[in-house]
Amino acid sequence: MKRKTFTGGLIGKQVKIVQSSNPSDVAIEGIIVDETKNTIKIKQEKMTKTIMKKNVTIELDGKLIDGKTLLKRPEERIK
């Protein structure tokens, strides 16, 4: 899969972490419930995990997205 830059909103999207500098984050799946400039919160079945964007590659809508391309506040990225 080719890595893409994402310009839309992330909250409410189903994601999966496919690569991370923290091995325990790989394969986390869930719905993004909150986003800041540097983090995303992923709601899983029983808990919510806060993940640093710069450390991960996520799969969203069948596309791979490098978290470093998401290092802005949502309202800045959408412009």
At 0.36 nm per residue, minus the direct Cα-Cα distance, what do Lys72 and Thr48 gain on full extension? Give it in nm, one decimal, please.
6.5 nm
State, as an integer percentage, the relative contact order of the chain based on alpha-carbon contacts under 8 Å between residues 6 or more apart.
34
Name the long-range amide H neighbours of Leu64: under 5 Å, sequence gap of 5 or more, or other chain; modelled H, no Pro or chain starts.
Lys2, Lys4
Calculated from backbone phi, Karplus (6.51, -1.76, 1.60) coupling profile of segment 63-73 in Hz, x at Gly/Pro
10, 8, 10, 6, x, 4, 6, 9, 6, 8, 5
Cut-off is 10 Å between beta-carbons; in what order do Ile65, Ile42, Ile28 appear when sorted fewest neighbours first?
Ile28, Ile65, Ile42
Electrostatic dipole magnitude of segment 17-79 [Cβ: Lys, Arg +1; Asp, Glu -1; Cα centre; debye, to 20]:
280
The Cα extents of segment 3-78 along the principal axes, largest first and rounded to whole Å, are 30, 21, 21
Mean residue ellipticity at 222 nm from the helices of the chain, using -39,500 (n - 2.57) per DSSP H segment of n ≥ 4 over the full residue count, to the nearest 500 deg cm²/dmol?
-1000 deg cm²/dmol
Pop out the ³J(HN,Hα) list for segment 20-25 in order, Karplus 6.51 cos²θ - 1.76 cosθ + 1.60 with θ = phi - 60°, rounded to Hz; leave Gly and Pro as x.
7, 6, 9, x, 6, 8
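The numbers here are math on the coordinates, done by the rules we state, and not lab data. A quick note: this is a predicted structure, and the numbers were derived from the prediction, not measured. Positions of Cβ are backbone-derived with ideal geometry, glycine not excepted, and every protein chain shown enters the neighbour counts.
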